[in-house]
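Remarks on the structure that follows.
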Amino acid sequence: MTEQHHVVPGSHRVPAPGASRIGDAYPHQPVEVTVVLRRAAPRPGAPADPEDVALVETFAHRYGLAVTRVDLAARSIGLIGTVTQMNSAFGVDLGEYALDDRTYRGREGSVRVPAELTGRVVAVLGLDDRPQAMAHFVIAPPAEGVMFPHAAAKGFPPQQIAARYGFPSTVDGGGQTVAVIELGGGYRRTDLTEYVTAQDITPPTVTAVSVDGARNAPGDDADAEVMLDIEVIGAVAPGVHVVVYFAPNTTRGFYDAVAAALHDRRKPSVVSISWGGAEPTWTAQALDAYDALFADAATLGVTVYAAAGDDGSADRAGPGDHVDFPASSPNVVGCGGTRLDDSGEVVWNETATGHGATGGGVSVHFGPPGYQNSAGVPANPSGRPGRGVPDVAGDADPLTGYQVRVNGQDLVIGGTSAVAPLWTGLTVLANKLNGTPAGAPHERLYANPSAFTDITSGDNGGYHAGTGWDACTGLGTPLGERIVHALGGA
């Protein structure tokens, strides 16, 4: 660099746990990044300032980078260049890292930008292309196995679970549109046709949208996630239009997919996210950039649900308790899990049998939102106040899971990634009945504890259920008609 560069706050990155640098990234390898800009005004929904965009474009041309797109509403600019050009432009040293049986392009330390962009650029996403998130689903063992005698023999059809929770039965999802974010896998229309026929439900309309070159590509383990999301929403809200945004599993791909969903001409009223990662695996710049995007959703009348994780309070992040992001965003409704059977409902925790447990805890990055002021959220692991996760819950135990069809097979699947689409379906029905989108529902949900069944038994490893909000199942599971009323109270 021949000019002075300054650190982008929160951009410090370390190798993924267990990864080691094995060499420099190939100098001529093309790299695409998304540059996220500040808001033009200090309020959610404000776009990027055209002056900031012009400065980034000038900077890009100076370093030989091409501008691929400008999205003022999402406050993002796409840039492409070689590894060498990106190293020079952003003051990084991109390398090749080995992790288990794969490699990724990564960096260490902070991202830097020229002085004129300091404070204007809030995040640079995509220099590091490691897998950022995990799909939060768990497949149940075969019902005939004697090892797990309490497993549901055939699981539950999603509409049966919805009925258990009192979802309204006088309305369907026709005329409503929802967005589903997927970072891998795909769906087969033959599976969907066979599924809705077997379940005797009105089929959803399903549309695939490609983001950053990803596409509907069935053929890997993530297919189970994609089918779970579509089939749960489609069964709970028959006839709904499900728009599936397929993106690469990187910080850039994930961000661009959410932005595409929020600003799509199809105008989905709900976004369902079943992917995430423990907060320590994210950079602060990414956490804040995504959170700002989720805050924008509220101004657009869009509700965002995200799975709280399937690995208990530790969330696969080593010792201690960690919350999962994006469920930990104060602008997202975090979805925890229960075990639902004929004897009632308790916190989902099947760690003893290797079949997961609900995530939940207290964020060390996000402070306590106003709607949780009276919720009794404990201190975070650092001893400070924080955003409590989850907000709501639903059946997630794979041993009492959801019937789905994936690649020609009938499976029973659970995980908190079933709860996000379950609540998405309920919100679709509420939006139709209420005649208006729910938007950000947190204050109304917390103001209506009687709209929930309070789950008071069980734990997720680090936290125990109790009366009122807790870091296992949040406010509890839905009493469908009451939730509809609460969501319409804006």
Completion exercise
Residue count, the range 1-24, condition acidic (Asp, Glu) and in a strand (DSSP E or B), comes to 1
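Conditions tested, residue by residue: (1) of a type outside the set (Asp, Glu); (2) buried (at least 24 other Cβ atoms within 10 Å of the Cβ); (3) in a loop (DSSP other than H, G, I, E, B).
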residue	(1), (2), (3)
267	yes, no, yes
288	no, no, no
298	yes, no, no
327	yes, yes, yes
Handout entry: Matching option when the condition is surrounded by 15 or more Cβ atoms within 10 Å (Cβ to Cβ), within 19 Å of residue 282 (Cα to Cα) and more than 27 Å from the chain's Cα centre (by Cα), among 106, 10, 81, 95
Key = 95
Problem - Cβ-Cβ under 7 Å pairs, at least 6 apart or on other chains, the range 301-324 side buried (at least 20 other Cβ atoms within 10 Å of the Cβ), far side modelled with pLDDT under 95 and among the aliphatic types (A, V, I, L, M) - result: 310/138
Practice task
Can you tell me which residue within the range 400-417, out of those that are of a type in the set (A, V, I, L, M, F, W, C) and either in contact with a helix residue (DSSP H, G or I) (Cβ under 6 Å, 6 or more places away or on another chain) or over 27 Å from residue 219 (Cα atoms) (or both), is surrounded by the most Cβ atoms within 10 Å (Cβ to Cβ)?
Solution key: 404
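Can you give me the number of residues within the range 456-490 that are among the polar types (S, T, N, Q), in a loop (DSSP other than H, G, I, E, B) and touching a residue at least 24 places away in the same chain (Cβ under 8 Å)?
In the first step, residues of the range 456-490 are kept if they are among the polar types (S, T, N, Q); the result is 456-457, 460, 467, 473, 477.
Filter again for in a loop (DSSP other than H, G, I, E, B), leaving 456-457, 460, 467, 473.
Then keep just the ones that are touching a residue at least 24 places away in the same chain (Cβ under 8 Å); that gives 457, 460, 473.
The number of residues fulfilling the criteria is 3.
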Exercise for the section: Search the range 255-265 for residues being out of contact with any Phe, Trp or Tyr (no Cβ under 9 Å at 6 or more places or on another chain) and not in a helix (DSSP H, G or I), and hand back the single one that is farthest from residue 281 (Cα to Cα). Expected result: 265
Practice task
Please list, ordered by first then second residue, the pairs with beta carbon atoms under 8 Å, 6 or more apart or interchain, first in the range 38-55 and farther than 12 Å from residue 74 by Cα, second part of a loop (DSSP other than H, G, I, E, B) and β-branched (Val, Ile, Thr).
Solution key: none
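Just to be sure before I move on: is residue 47 at pLDDT 95 or above and either farther than 24 Å from residue 212 by Cβ or surrounded by 14 or more Cβ atoms within 10 Å (Cβ to Cβ) (or both) in the structure I sent? Quick ask: steps written out before the conclusion?
Details: at pLDDT 95 or above: yes; either farther than 24 Å from residue 212 by Cβ or surrounded by 14 or more Cβ atoms within 10 Å (Cβ to Cβ) (or both): yes.
It is true that residue 47 is at pLDDT 95 or above and either farther than 24 Å from residue 212 by Cβ or surrounded by 14 or more Cβ atoms within 10 Å (Cβ to Cβ) (or both).
Residue-wise test of (1) modelled with pLDDT of 95 or more; (2) part of a loop (DSSP other than H, G, I, E, B); (3) more than 22 Å from the chain's Cα centre (by Cα); (4) outside the structural domain of residue 469 (by TED's automatic domain parsing).
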site: 359; (1), (2), (3), (4): yes, yes, no, no
site: 364; (1), (2), (3), (4): yes, yes, no, no
site: 379; (1), (2), (3), (4): yes, yes, yes, no
site: 384; (1), (2), (3), (4): yes, yes, yes, no
site: 399; (1), (2), (3), (4): no, no, yes, no
site: 410; (1), (2), (3), (4): no, no, yes, no
Practice task
For residue 238, state whether it is over 20 Å from the mean Cα position of the chain (by Cα) and without any contact (Cβ under 8 Å) to a residue 60 or more places away in the chain.
Solution key: no
Exercise for the section: Please indicate, with yes or no, whether at least one residue in the range 2-22 is free of Cβ contacts under 8 Å to residues at least 40 places away in the same chain and not charged (D, E, K, R). Expected result: yes
Practice task
Exactly one condition in (1) crowded, with 18+ Cβ neighbours inside 10 Å; (2) part of a helix (DSSP H, G or I); (3) of a type outside the set (Asp, Glu) is not met by residue 179; state its number.
Solution key: (2)
Problem - Selection count where residues are out of contact with any strand residue (DSSP E or B) (no Cβ under 6 Å at 6 or more places or on another chain) and polar (S, T, N, Q), scope the range 276-315 - result: 2
Practice task
Kindly indicate whether residue 224 is buried (at least 22 other Cβ atoms within 10 Å of the Cβ) and farther than 20 Å from residue 418 by Cβ.
Solution key: no
Exercise for the section: Just one of (1) more than 24 Å from residue 361 (Cα to Cα); (2) in contact with a strand residue (DSSP E or B) (Cβ under 8 Å, 6 or more places away or on another chain); (3) outside any helix (DSSP H, G or I) trips up residue 252, so point out which. Expected result: (3)
Fill in the blank from the handout: Filtering the range 441-455 down to residues that are surrounded by fewer than 17 Cβ atoms within 10 Å (Cβ to Cβ) and either β-branched (Val, Ile, Thr) or farther than 24 Å from residue 339 by Cβ (or both) yields 443, 447
Completion exercise
Residue hits (the range 78-130; within 15 Å of residue 59 (Cβ to Cβ), assigned to a loop (DSSP other than H, G, I, E, B) and small (Gly, Ala, Ser)) are 91, 119
Exercise for the section: Could you check residue 27 against (1) touching a residue at least 24 places away in the same chain (Cβ under 8 Å); (2) of a type outside the set (S, T, N, Q); (3) part of a helix (DSSP H, G or I); (4) surrounded by fewer than 15 Cβ atoms within 10 Å (Cβ to Cβ) and say which number it fails? Expected result: (3)
Handout entry: Residues within the range 418-455 that are touching a helix residue (DSSP H, G or I) at 6+ places or on another chain (Cβ under 6 Å), not hydrophobic (A, V, I, L, M, F, W, C) and not in a helix (DSSP H, G or I), tallied
Key = 4
Exercise for the section: Quick one: count up the residues across the range 30-57 that are under 25 Å from residue 105 (Cα atoms) and either under 23 Å from the mean Cα position of the chain (by Cα) or part of a strand (DSSP E or B) (or both). Expected result: 8
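The values are calculated or read from the model by the stated rules, or taken from the named source; none is laboratory data. Worth saying up front: this structure is predicted, and the values here are computed from it rather than measured. In this analysis, Cβ positions are derived from the backbone assuming ideal geometry, glycine residues included, and neighbour counts consider all displayed protein chains.
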